[in-house]
Amino acid sequence: MSRYSLLVVIILGLTALVVVLLLVLRKQRKKVGVVNSKNFVSTSTLATSLRDEKLRSGIILNAIEDGVVLIDGQQTIQLFNPGAAKITGWKSQEAQGLDWASVLKFIDAKGQEVAADQVPITRLFQEGQTIKDNNANLLSKSGKSLAVSLVVTPLLDQQQHVTGAVAIFRDVTLERAEEQQRAEFISTASHEMRTPVAAIEGYLALALNEKVSTIDARARDYLDKAHASTQHLGKLFQDLLTSAKAEDGRLTNHPAVLEVGAWLEQIVSDLKFTAEKKGLSMDFIVGNNTTIDASQPDNAVTTGKVLKPLYYAHVDPDRMREVVTNLFDNAVKYTESGNVSVGLTGNDQVVQIYIRDTGPGIPAEDIKHLFQKFYRVDNSATRTIGGTGLGLFICRKIVELYGGRIWVESEVGKGSTFFINLPRMQTKQAERLKTTEAQSTTLTPITSLTTS
Ligand code: ADP
């Protein structure tokens, strides 16, 4: 090859190399360019959507009337929306950064501070579960009592540890005041109506008394019916009055140390004639702890444990008598034949009373409604047997007053057992408290009327 041809080949080769290099470079630049622009697009979209999201949440949090408070794991308020500010009187900027307990002060219906371990937010941090309280009261910044309905939800990490909480609450002061007015109306009306009804019942009883009045058989029959209906009406007014009081916490209640064994035995001996009159056999069973419902936390069952003979509870004996009498009357009322038993048992924590009958039983679908106001099972028995549907509601309210629980186990066609669990007081503690109670009720005689 000539020198000239060799030069041409070299030049062509170099040119081709440069072209290839340029092409590769261009392609590379293009590639980089595309990726960058793609990245740019997605980042900006994300930023916009996050901004939108934040904006939207902000709009919602600012617009809703409910109070929303975000509390972190250090118990500090991280977010206090305008709703919370409006309800409590705290400005959002003031509340944010403070310990929640210095802003959200929980009080009871009487205006006393709620015990620390009963405050819903404290309980949430201890229990790690959502807490709902429709009867909570908060103290506003200016010291005003606010009725609130509250839900506190935990924020959990992957190990299910509580890392914070969201409290949502609503001011229900107005609703609660209206509810109070309704209850007051029912209570006043039933109180006023009870008096004339009692008078009518008294006069009808006189008319039916052979020693006082002379009436023929047909008139007796009419008056008997009128008397029974008036008694029913009187019971209805009495139950309405009691349930209205139970609902707004005005139920007179004087708890004292009670040895349930002796007390229940006395009630049973007073009541047994009602059962016997209807031809039902009746028994009183003490000390068989197999019936305690272990599904509830208050009943740590200690099967096989020797039962102590004394079952102490801190309750009002008259109120609890109402409960037992009501359950016993129901057992007799709804049982056509067979047996009614009253039982007492317990373990270290619980005193359990039960009333068992061999009556018609209660269908499973009715059981969950049974302790609600005015609930009656709709069957032939209840259609013919009079009742108000308030008895079990009142029983529940009274039992709950003492931190107890009432429930029923029943099988249609076989009978029902109503259980009451009351917190058991240890004998030593009960005896100590009994002495204190006795001392506080002993009046110091007045020996002198001078003040000096
Ligand atoms: P009532 O005045 O209707 O007896 P309660 O509140 O005492 O009201 O009882 C509610 C309903 O529960 C009754 O209407 C009845 O249907 C049912 N009930 C209560 N006790 C028993 C029982 N021992 N056996 C069967 N049904 C019962």
Between residue 339 and residue 281, 0.36 nm times their residue separation minus their Cα-Cα distance comes to what?
-> 20.4 nm
Report the label-to-label distance for residue 433 and residue 265 in nanometres (one decimal), using points 7 Å from each Cα along the Cα→Cβ vector.
-> 2.2
Residues meeting the amide H criterion for residue 412 (H placed from the backbone, H to H distance under 5 Å, 5 or more places apart or on another chain) are 362
Extension reserve of the residue 123-residue 162 stretch, reckoned as 0.36 nm per residue once the Cα distance is removed = 12.9 nm
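Seen from all sides and averaged, what is the projected area of the convex hull of the Cα atoms in the range 164-265, in nm²? Could you put the intermediate results ahead of the total?
Numbers: hull surface 52.5 nm².
Approximately 13.1 nm², given one-decimal rounding.
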Tell me, in nm to one decimal, what length is gained between residue 79 and residue 94 on full extension, where the rule is 0.36 nm per residue of separation less the Cα-Cα distance?
-> 4.3 nm
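From the P(r) of the range 125-171, could you give the percentage of C-alpha pairs in the tail past 17 Å? Let's see the in-between values first.
Values: 467 of 1081 pairs.
That fraction is 43 percent.
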Under 5 Å from the placed amide H of residue 359, counting only residues 5+ away or on other chains, we find 416
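Over the range 311-447, what lengths in whole Å, largest first, do the semi-axes of the equivalent ellipsoid take, defined as the square roots of 5 times the eigenvalues of the alpha-carbon gyration tensor?
34, 16, 13
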Stokes-Einstein D (µm²/s) once Rh is taken as the Kirkwood radius of the range 173-233 over alpha-carbon pairs, at 20 °C in 1.002 mPa s | 156
Reduced to Cα centres, the span from the range 52-94 to the range 107-138 in Å works out to 20
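Whole number please: convex hull volume per residue, Cα atoms of the range 222-278, in Å³. Mind showing how you got there, number by number?
Details: hull volume 6.7 nm³, N = 57.
Considering the Cα atoms of the range 222-278, their hull volume per residue is 118 Å³.
Going by average Cβ neighbours within 10 Å, how do the peptides 139-148, 99-108, 319-328 rank, with the highest at the top?
Values: 139-148: 14.9, 99-108: 17.7, 319-328: 21.3.
Highest-to-lowest ranking by the protection proxy: 319-328, 99-108, 139-148.
Of the listed pairs 373/414; 235/434; 86/368; 105/428; 235/272, which have alpha-carbon separations greater than 28 Å here? If you can, show how the numbers build up before the last one.
On the way: 373/414 25 Å; 235/434 34 Å; 86/368 39 Å; 105/428 36 Å; 235/272 21 Å.
Violating the 28 Å Cα-Cα cut-off are 235/434; 86/368; 105/428.
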If you rank 402, 311, 203 by fewest surrounding Cβ atoms within 10 Å, what's the result?
-> 203, 402, 311
Starting from the amide H of residue 278, placed 1.01 Å from N in the peptide plane, find each other amide H under 5 Å away whose residue is 5 or more places distant or on another chain.
-> none
Can you give the Rg to Rh ratio for the range 77-195, taking only C-alpha atoms and Rh from Kirkwood?
-> 1.09
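FYI, it's all coordinate maths here, none of it is from the lab. These numbers come from a predicted model, not from an experiment. A quick note on method: Cβ atoms are made from the backbone with ideal geometry, for glycine too, and the neighbour counts reach across all protein chains shown.
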